[in-house]
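What follows is a short report on a single structure.
The values are calculated or read from the model by the stated rules, or taken from the named source; none is laboratory data. Given the structure is predicted, the values throughout are model-derived calculations rather than measurements. Cβ atoms come from the backbone with ideal geometry, glycine included; neighbour counts cover every protein chain shown.
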Amino acid sequence: MFVYWMVRAVAQGLFCFYCCTLALGYTAIDTQQGGLILGQDGLAMVCYANAIMIQAMNLGLQTHSFTWMNHVVIWGLTPMVWVVFGAATLFPMFGDYPLFFEVQDTWIFWILMPLVLVGSLVPFVGFEQLFMPQAVALSKKMNSVLHVS
């Protein structure tokens, strides 16, 4: 199971990085200000935000029973990322965080975020549904084996 989670994390990280790199690259993105040149720092912030969202959705998909605490952690993580990034812009030593809010003004960021989330989660969810037994199926199998007369 550990190897599966490691392969899943590496594959999702690579997918996130390459999708963001191909979509954003080092080109000019039109904004109301006349254009924003996105460098490696801005690209890193977009990849970082996408990776955090992917892990929050992974947590949500792997939870078998939703309690109020699960909802607070999973859905509270998204606004918390924006709050932490906003707080980091107040300190000059964290110079790259204002780029995150500049990139957010572009239309491609809001198209890219859900596409990366769906594209990185769907293959693994499909694989798990097809090839990994669910808890209900395992309990039925154990029940049928134990009650064979």
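Okay, here's what the table says:
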| quantity | calculated |
| --- | --- |
| Pair list, Cβ under 6 Å, 6 or more apart: the range 84-96 residue of a type outside the set (Val, Ile, Thr), other residue part of a loop (DSSP other than H, G, I, E, B) | Ala88/Phe94 |
| Residues that are within 21 Å of Met113 (Cβ to Cβ) and in contact (Cβ under 8 Å) with a residue 24 or more places away in the chain, drawn from the range 55-72 | Met57, Asn58, Leu61 |
| Selected residue (criterion: modelled with the highest pLDDT) from residues of the range 29-70 that are outside any helix (DSSP H, G or I), of a type in the set (Gly, Ala, Ser) and under 23 Å from Thr89 (Cα atoms) | Gly39 |
| Among the residues listed as Leu115, Leu121, Leu99, the single one being exposed (fewer than 15 other Cβ atoms within 10 Å of the Cβ), under 21 Å from the mean Cα position of the chain (by Cα) and in a helix (DSSP H, G or I) | Leu115 |
| Verdict on Pro92 being in a helix (DSSP H, G or I) and of a type outside the set (A, V, I, L, M, F, W, C) | no |
| Complete set of residues in the range 98-149 that are over 25 Å from Ala51 (Cβ atoms) and modelled with pLDDT of 85 or more | none |
